[in-house]
Each structure stands twice: as C-alpha cells, then as structure tokens.
Amino acid sequence: MSKMRAVDAAIAVLKKEGIKATFGVPGAAINPFYSAMKKSNDDADQSNDGSERIDHYLARHVEGASHMAEGYTRANPGNIGVCVGTSGPAGTDMITGLYSAIADSIPILCITGQAPRNKLHKEDFQAVDIETIAEGVTKWSVTVREPALVPRVFQKAFHLMRSSRPGPVLIDLPIDVQLAEIEFDIDSYEPMPAFKPKASRAQIEKALTMLNESERPLLVAGGGVINANASDKLQEFAEITGIPVIPTLMGWGSIPDDHPLMAGMVGLQTSHRYGNASMLASDFVFGIGNRWANRHTGSVDIYTKDRKFVHIDIEPTQIGRVFEPDYGVVSDASAALELLVDIAKDWKNKGILKDRTSWVADCQARKTQLLRKTSFEEAPIKPQKVYAEMNQAFGKDACYISTIGLSQIAGAQFLHVYKPRHWINCGQAGPLGWTVPAALGVCVADPERQVVALSGDYDFQFMIEELAVGAQFKLPYIHILVNNSYLGLIRQAQRGFDMDYGVQLAFDNINAPELEGYGVDHIAVVEGLGCKAIRVREPGDIANALVEAQALMEQHHVPVVVEIILERVTNISMGTEIDSINEFEDLAESIADAPTAIAFDKHYLEQTKD
C-alpha cells in the first residue's frame, strides 16, 4: 500500500466518489485539506490519463458555501455538494445549510478543520465541539480521531448520504489527523452501494386495489419522487391509471404543468384554487415520497375528512408522523413506482382498472374556472403582474430558484414548471438568504441551464455578498428581485395581531434619493459586487427589462439582477385551512384576467380538447 497524508487519501476518495466541485472558505485548520486538493488538481492538469480536477469555489460566507452545496446537489440526480471550512465558526456557520439539507432529504458533505487532538479539551483557539453541535441536523456527525480511519470515514459518509432517506454528513478533521501519514491503496477502493428499501409486489397490489376501489382519487407526488429520479415513472403510472396528480411544493416539476393530469398544487399558501378544490372533492389520496407538510395539509381533520390514504415513503418513521394512513408502505419512490407501473399495465390489459374520464374532466374544468387575476396594469406594480411577465419571458426550460416569503408563495401560485429539478426550493427550513448561493450552486452543476432566481428584498439582502462569487467565477443567471421594502410575509401575518411592527425596510437613503423611501440601493450594491442590474418601476417596462437582462447575462457572463419596485402593501392569497383561503385581489373572470394561466396554454388546450 502507498504511504500518504490522511488528507491526500480523503481527496482520492472524493474523486472516486465522483466529486468534481467544492464550495468553501479556507482557514488555518483546514489548510492541509486545501493543500491536498491543490496537489491533486496540479497532478490532474499535468497528467494525460483523464484524471479530473475538483474545482473550488470561494464563498464569501461559509453558510453561503453550504447553500451552494445544496443547490449543486439539488440540480442533478446523483450529485453531492461538498462544503469546506475551517475550525470553530466555519462549522457553526454550516449548521443552517445542514438543517436545510436534512429537512428536505438532500445529501451534502460538510468538511471542517479542527484543533489538534491534544488541544480539544483545552479551549484552544476556534476549537468547538462541532460533532455534537451538528448531530441534530445530520445523518452522521463525526470528529475523526484516528488518521488511518480518514478514508473509511469518507467511504461511510457517502454510503450514509445516499442510503435510505438521503441527507447530509459532517466530517470534522483535527489538523494533526489531516497531516498524519497513513497507508492506503486507492486502487482497491470502491464506493459502497446505497441501500434503498423496496416495496413487495403484494404491498403494491394491495395499495393499487385500494386505489382502484375509489371514485375520485388523486396522486400526491412529493420531493421523494424527484430525489429518486422517478418523475417519468410517476407520469407513466398516472397516464396508465388516468389519475390526476397533485405535486407538493418539493415535488413540483415531477409532472409538467401543462400535462392534462396535472391537477394543481394544494395548500395554505403555495397552492392553486383549483388544486385545493380538487383535493376537497376527492375521496382517496395516494401519497408517494411526501411528508404531509403542514403548509400543504392545513389541519389534519379537514385534510383527511371523508377520504382514505395510502402513503409510500422511504423513511419508516415518516409514515404515521402527521396522521395514520389507511395503508403505509416503506419504499424508495422509484422502486415502488416501477412495481405500480408494471401491475397497473397488467390490470389495464385485463380491464380491471376503472375509467377515470369523468373525474379527470372535473379536475380540468376547475383549472379554467378557479383562477387568480394577474393582468394588473397600475403602478406601483402589483406582484401578480411580475409572474405573468416571467411566464411570457422564460420558456419551459427555465429553472426557478426560490426560498421563502411572499415572493416564493406568489411564484408558486402563478409561475409554471415543466421539468423535475426546475423548481429548486428549500421547503422545510426556509432560511432567508438561501436563494443567491443556491442559484450559484445550480449554475456550477449545470452551466447550460437557464437559471432564474426569485427573491423578495429581505431574502436578497441576507446573503447578497455571494453575488461576488458569480462575478468572480463567471456563473451567469437572472435574479428577479421584487422589492416592496417590507418583510411582506411577516407583515401579512401580523394582521392577525392588528399591528405593523418591526417589519418595514423602508428609509430615505441619503445617497439615493431617487429611491423615494425604498431604502437600500440594490443596484449600487449589485454593481459594486461585479454584477449587472436593472431597475423597473412601470409594469409596461418589465418585458423589455427581462429581455435586456438575458442579453447582459450572455454578454458579461455574470449574474444579472432585475429589481422590480412593487407597491408597498400587497396581500397574497393564503389561509389557515385548504377550504377557507383568503383572496385579497379580484379573481379572474376571463382569459384576459389571467392570460398566462396554464388552462389557456396552447399545448395544454390541444391535449385536453374533446
């Protein structure tokens, strides 16, 4: 076996596991790891054997690096983003990214430096027990105390991240462990196969029998379908059985928005009127890879009333966590759908499956009847207008990145998504500031993708410094910034307390009086970070600004921000139950009121005509 430093073995394992990019901030305690990465890259550059580099993207904040790693993972099947930082605050800065990742079943690997082993109990500079701190937000958190274990700890980490319900791992490397010499043979190393539970044929036959006995069934497709790369199988199963599909926010894109069986989204906020109506009209719900999140269900009593449930999920403790289904199956979504497709085909050929034509027609009718208005032409601009213009400007290949707030909620109500992994969103954690670094991670993973990020002004300000990463490393994308100079979602929630307190971002900027009280001069900040920016005040100027943004992005290969000044106060449709959503604006009464609604899409109309 070859002798090498433990960190050189770690880098060799990363390459064997398919890692091609890292995101991080170097520091004294992690410098040995960086030296190994540099040495490996130098060797790759000089060799002719096809060796690949592990590129490094220097973040401006370690939390930003962790979200870049998330975006990288979420962009393509099989990806695992890697975040690297030094000891102490670098590890604690990663915690939000780890939380966001584990909440959405996203595998990322966080690697931290650490004080020498003999200093860990002596309160050495930047020595913190990150192993314990990270335990609650990882599948495994470990400080490696034996140098010879380093490559095997990395091997176990990749196995854990990919197995069962995916999730993140943190590996903490004391500096003396990194530098220690070990014996290791990388040529004998092979990645461990991931374990995924699989449903039995008997389980799937029972679930399908229950489904077939219902009259008005729906399929609920969660993020597990996308994580399992099973969207094609989901769509095939829906088409064989003729059952409408309700994607969750994390499952959006698992069936194209213009598919005849896409019945809309359900929930208290990120939902469609027609989706909620179809859910309330249903008598059976078949959930695959979802977790019955509270923003999707509202109260369990109303969500479950007069309907039966089958729940398939990869995580055993997810089944029954929110409510007990009538039948639960522990399985990877892809494995379950493979059986569902196989059995459904057989039953269809034998004439066993029910005809769902009438039920599908009812769901489709709701898509034309229960719409929200977007054709507002007044200034200041209403947010609904922005999303209608985005639908016109960006085609079916657009990949939207968003985080939280009224911008995310309205975006989900009005935008259209046609492909899996083209709505990339941190569903459960919702950390402000996530959007910019996540979008950059997606750009690294897929440089040819049309990436369009969406933020409110507060989300945008949280990690605005990461735009410099996009400028430095030439990672072009378009960022739509809807600016109402408010913490809009919190302001709307405060209505229940009859207050408007601590949520106003507005102030008179002495350096930019032309902002007329809208506070931060985002254009100046964005340009100062090396990117391009456009400001829009009139609704009639949005379309041209989006065209200009695409031209600037192609010319300069940097992020381009389109700031759209909104009216200060807009309440977006939401409620506390799926049967009592508050609508604050006029509803659509004709195609002129909602011209970009999917129900009026030419392709959708061709597929659904008699």
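The values are calculated or read from the model by the stated rules, or taken from the named source; none is laboratory data. Quick caveat: nothing in here was measured; it's all calculated off a predicted structure. Here Cβ is always computed from backbone atoms with ideal geometry, including for glycine, and neighbour counts include all displayed protein chains. Note: accessible area is taken over every heavy atom of the protein model, side chains too, but ligands, DNA and RNA are not part of it. Shrake-Rupley method; radii C 1.70, N 1.55, O 1.52, S 1.80 Å.
Points to keep in mind about this one:
- Filtered residue count, segment 507-527, keeping only those that are free of Cβ contacts under 8 Å to residues at least 12 places away in the same chain and surrounded by 17 or more Cβ atoms within 10 Å (Cβ to Cβ): 1
- Filtering segment 181-225 to residues that are assigned to a loop (DSSP other than H, G, I, E, B), open to solvent by less than 40 Å² (accessible area, probe 1.4 Å) and farther than 26 Å from ASP104 by Cα leaves TYR189, SER214.
- HIS416 being out of contact with any helix residue (DSSP H, G or I) (no Cβ under 9 Å at 6 or more places or on another chain) and open to solvent by less than 40 Å² (accessible area, probe 1.4 Å): no
- Any hit, segment 273-294, residues being touching a Phe, Trp or Tyr at 6+ places or on another chain (Cβ under 6 Å) and either farther than 21 Å from ALA333 by Cα or in a strand (DSSP E or B) (or both): yes
- Checking SER2, SER47 one by one, the residue that is over 16 Å from VAL177 (Cα atoms), touching a residue at least 40 places away in the same chain (Cβ under 8 Å) and among the polar types (S, T, N, Q) is SER2 and no other.
- Counting the residues of segment 6-48 that are assigned to a loop (DSSP other than H, G, I, E, B) and under 27 Å from HIS159 (Cβ atoms) gives 4.
- Considering (1) among the hydrophobic types (A, V, I, L, M, F, W, C); (2) free of Cβ contacts under 8 Å to residues at least 12 places away in the same chain; (3) open to solvent by 60 Å² or more (accessible area, probe 1.4 Å), the lone condition that ALA551 does not fulfil carries the number (3).
- Checking each residue of segment 283-291 against the condition of being of a type in the set (A, V, I, L, M) and more than 25 Å from ASN227 (Cα to Cα) gives no match.
- Restricting the search to helices (runs of 4 or more DSSP H) fully inside segment 56-165 and requiring at least 1 residues that are under 22 Å from LYS38 (Cβ atoms) and in contact with a helix residue (DSSP H, G or I) (Cβ under 6 Å, 6 or more places away or on another chain) gives 62-75, 89-103, 150-162.
Each row is one residue, and each column tells you yes or no for (1) open to solvent by 30 Å² or more (accessible area, probe 1.4 Å); (2) closer than 30 Å to LYS474 by Cα; (3) at pLDDT below 90.
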| site | (1), (2), (3) |
| --- | --- |
| VAL560 | no, yes, no |
| ARG568 | yes, no, no |
| GLY575 | no, no, no |
| ASN582 | yes, no, no |
| SER590 | yes, no, yes |
| ALA594 | no, no, no |
| ALA599 | no, no, yes |
| HIS603 | yes, no, yes |
| LYS609 | yes, no, yes |
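- Taking each residue of segment 332-352 that is under 9 Å from ALA230 (Cβ atoms) and open to solvent by less than 80 Å² (accessible area, probe 1.4 Å) and looking for partners that are at pLDDT 95 or above and of a type in the set (Phe, Trp, Tyr) with beta-carbon atoms closer than 6 Å, six or more apart or interchain, yields LEU337/PHE237.
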